[in-house]
Amino acid sequence: MQMMTKWNKLHPDHTYLHRSNFTRDALAAKKKLLSIPFTWS
């Protein structure tokens, strides 16, 4: 819940009212970020 509260304070135009929606979107973002191929140059 702390992360959602912080998000809502930082993004007043895109606040979440329901924790389930915040959790859904956070997990989707994490999955997307972790699927990006990473290579060392």
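Read-outs throughout are calculated quantities, based only on the coordinates presented, and are distinct from any laboratory measurement. Owing to the predicted nature of the structure, the values given are computational and were not obtained by experimental measurement. All Cβ positions, glycine included, derive from the backbone under ideal geometry; neighbour counts span all protein chains shown.
General observations
- The charge dipole of the chain, taken about its Cα centre with unit charges on the Cβ atoms of Lys, Arg (+1), Asp and Glu (-1) only, comes to about 120 debye.
- The chymotrypsin sites (Phe, Trp or Tyr not before Pro) of the chain meeting both criteria, a DSSP state outside H, G, I, E and B (loop) and at most 13 other C-beta atoms within 10 angstrom of the site's C-beta, are 38, 40.
- Options (1) 27, 22, 12; (2) 40, 19, 17; (3) 31, 22, 21 - which one matches Cα extents along the principal axes in Å as calculated here: (2)
- Phi to ³J(HN,Hα) by Karplus 6.51 cos²θ - 1.76 cosθ + 1.60 over region 29-41, Hz, x for Gly, Pro: 5, 4, 4, 5, 5, 6, 8, 6, x, 10, 10, 8, 9
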